[in-house]
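K.L.:
Questions regarding the structure given below will be posed in turn.
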Amino acid sequence: MTRVLYFIDSLSAWTGKTFAWCIMILTLSTCYEVFVRYVLGAPTVWAFDMSVQMYGALFMMAGAYALSQDAHVRGDVLYRLMPIKVRASVDLTLYILFLFPGAICLVYYGFFYASDSWFYNEVSWSSPARIQIYFFKTLIPISGFLVLMQGIAEAIRCIQCIKNGYWPARLDDVQETETMLLHEKEDLSSETPR
């Protein structure tokens, strides 16, 4: 089971890190637009659309990665005070009630949304450049599928935590200092590795 969880984690991490390069493209295109607009007086027609699509792609495709790193925003004020098995039960309940239906909707409706866009060779109606957006809309069902897969992995982790009393290991990656300190505290208090 650990190999399956690690495979899903690594798929989410690879996708998130790959699409993180959208930030570089977004930054370079924005700097270029600022330069040509304000220094050369020759603004582009494509820079705004580029920034919208790069940020949208990054946002959608990083969701599964954030979930794999336990980095999504939550109301930690009460959550941190709960016993670990209760936290796992709360997470599992929320995955079942909200994450799975939302991800399934993204996959199902996103597929039809993207296929219609491909059928019509859709272009942006708000863009003076009339850029094609069917490639971008294809990311909707893909991101929903990745979040669904990662959600299944997280649900399995919750079930294992409810049974064993500790969180199963996940792939290590860069974490916020606050998260690292919280995990160290949990490890010290439970004497069982996370």
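K.L.:
Suppose we keep only residues that are part of a loop (DSSP other than H, G, I, E, B) and over 16 Å from Gly56 (Cα atoms) within the range 108-125. Which one would you say is modelled with the highest pLDDT? Walk me through it before giving the result.
P.N.:
As a first pass, look at the range 108-125 and keep what is part of a loop (DSSP other than H, G, I, E, B): 120-122, 124-125.
Narrowing the set further to residues that are over 16 Å from Gly56 (Cα atoms) leaves 120-122, 125.
On the way: Tyr120: 92, Asn121: 89, Glu122: 88, Trp125: 79.
If we take residues in the range 108-125 being part of a loop (DSSP other than H, G, I, E, B) and over 16 Å from Gly56 (Cα atoms), then Tyr120 is modelled with the highest pLDDT.
K.L.:
Does Phe135 qualify as being of a type in the set (Phe, Trp, Tyr), modelled with pLDDT of 95 or more and assigned to a helix (DSSP H, G or I)?
P.N.:
On the way: of a type in the set (Phe, Trp, Tyr): yes; modelled with pLDDT of 95 or more: no; assigned to a helix (DSSP H, G or I): yes.
Judged against the criteria, Phe135 is not a match.
K.L.:
For the range 114-138, name all the residues that are of a type in the set (Phe, Trp, Tyr), touching a helix residue (DSSP H, G or I) at 6+ places or on another chain (Cβ under 6 Å) and free of Cβ contacts under 8 Å to residues at least 60 places away in the same chain.
P.N.:
Let us first name the residues in the range 114-138 that are of a type in the set (Phe, Trp, Tyr), namely 118-120, 125, 134-136.
Imposing the further condition that a residue be touching a helix residue (DSSP H, G or I) at 6+ places or on another chain (Cβ under 6 Å) reduces the set to 118, 134, 136.
Residues satisfying the conditions are Trp118, Tyr134.
Rundown of residues vs (1) closer than 18 Å to Cys158 by Cβ; (2) small (Gly, Ala, Ser), yes/no style:
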{"residue": "Leu58", "(1), (2)": "no, no"}
{"residue": "Gln69", "(1), (2)": "yes, no"}
{"residue": "Asp76", "(1), (2)": "yes, no"}
{"residue": "Val86", "(1), (2)": "yes, no"}
{"residue": "Ser89", "(1), (2)": "yes, yes"}
{"residue": "Ile96", "(1), (2)": "yes, no"}
{"residue": "Phe100", "(1), (2)": "yes, no"}
{"residue": "Val107", "(1), (2)": "no, no"}
{"residue": "Gly110", "(1), (2)": "no, yes"}
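K.L.:
Follow-up question, since we're still on this one. Filter the range 51-68 for residues that are out of contact with any Phe, Trp or Tyr (no Cβ under 7 Å at 6 or more places or on another chain) and either hydroxyl-bearing (Ser, Thr, Tyr) or buried (at least 20 other Cβ atoms within 10 Å of the Cβ) (or both) and give the result. Explain how you work it out, then say what you get.
P.N.:
Our first condition is that a residue be out of contact with any Phe, Trp or Tyr (no Cβ under 7 Å at 6 or more places or on another chain); within the range 51-68, this holds for 51-52, 54-55, 59-60, 63-68.
Within the range 51-68, Ser51, Met54, Tyr55, Met60, Gly63, Ala64, Tyr65, Leu67, Ser68 qualify.
K.L.:
Which numbered condition trips up Phe48, out of (1) crowded, with 17+ Cβ neighbours inside 10 Å; (2) free of Cβ contacts under 8 Å to residues at least 60 places away in the same chain; (3) aromatic (Phe, Trp, Tyr)?
P.N.:
Here Phe48 meets the rest and fails (2).
K.L.:
So, one more: Whether any residue in the range 42-51 is more than 26 Å from Ile156 (Cα to Cα), hydrophobic (A, V, I, L, M, F, W, C) and touching a Leu at 6+ places or on another chain (Cβ under 8 Å) is what I want to check.
P.N.:
The answer is yes, given that some residue of the range 42-51 is more than 26 Å from Ile156 (Cα to Cα), hydrophobic (A, V, I, L, M, F, W, C) and touching a Leu at 6+ places or on another chain (Cβ under 8 Å).
K.L.:
If you take the residues of the range 75-96 that are among the β-branched types (Val, Ile, Thr) and surrounded by fewer than 16 Cβ atoms within 10 Å (Cβ to Cβ), which of them is farthest from Phe136 (Cα to Cα)?
P.N.:
Step by step, filter the range 75-96, then rank; the result is Val86.
K.L.:
For Ser89, state whether it is in a helix (DSSP H, G or I), of a type in the set (Gly, Ala, Ser), closer than 30 Å to Ile23 by Cα and out of contact with any Cys (no Cβ under 7 Å at 6 or more places or on another chain).
P.N.:
In short, no.
K.L.:
Moving on to the next point. For Val73, indicate whether it is assigned to a loop (DSSP other than H, G, I, E, B), in contact (Cβ under 8 Å) with a residue 12 or more places away in the chain, out of contact with any strand residue (DSSP E or B) (no Cβ under 8 Å at 6 or more places or on another chain) and not acidic (Asp, Glu).
P.N.:
Details: assigned to a loop (DSSP other than H, G, I, E, B): yes; in contact (Cβ under 8 Å) with a residue 12 or more places away in the chain: no; out of contact with any strand residue (DSSP E or B) (no Cβ under 8 Å at 6 or more places or on another chain): yes; not acidic (Asp, Glu): yes.
Spelling it out, it is not the case that Val73 is assigned to a loop (DSSP other than H, G, I, E, B), in contact (Cβ under 8 Å) with a residue 12 or more places away in the chain, out of contact with any strand residue (DSSP E or B) (no Cβ under 8 Å at 6 or more places or on another chain) and not acidic (Asp, Glu).
K.L.:
Does Ala129 satisfy the criteria of being in a loop (DSSP other than H, G, I, E, B) and closer than 29 Å to Gly56 by Cα?
P.N.:
Details: in a loop (DSSP other than H, G, I, E, B): yes; closer than 29 Å to Gly56 by Cα: yes.
Against the criterion (in a loop (DSSP other than H, G, I, E, B) and closer than 29 Å to Gly56 by Cα), Ala129 qualifies.
K.L.:
Among the numbered conditions (1) touching a residue at least 60 places away in the same chain (Cβ under 8 Å); (2) more than 16 Å from Ala57 (Cα to Cα); (3) buried (at least 19 other Cβ atoms within 10 Å of the Cβ), tell me where Leu99 comes up short.
P.N.:
It is condition (1) that Leu99 fails.
K.L.:
So, one more: Scan the range 113-120 and tell me whether some residue there is touching a Ser or Thr at 6+ places or on another chain (Cβ under 8 Å), more than 30 Å from Ala71 (Cα to Cα) and either loosely packed, with under 13 Cβ neighbours inside 10 Å or among the basic types (Lys, Arg) (or both).
P.N.:
No: the range 113-120 contains no residue that is touching a Ser or Thr at 6+ places or on another chain (Cβ under 8 Å), more than 30 Å from Ala71 (Cα to Cα) and either loosely packed, with under 13 Cβ neighbours inside 10 Å or among the basic types (Lys, Arg) (or both).
The values are calculated or read from the model by the stated rules, or taken from the named source; none is laboratory data. Only a predicted model underlies this, so the values are computations on that prediction, with no experimental measurement involved. Don't worry about glycine lacking a Cβ; one is built from the backbone with ideal geometry, like all the others, and counts go over all protein chains shown.
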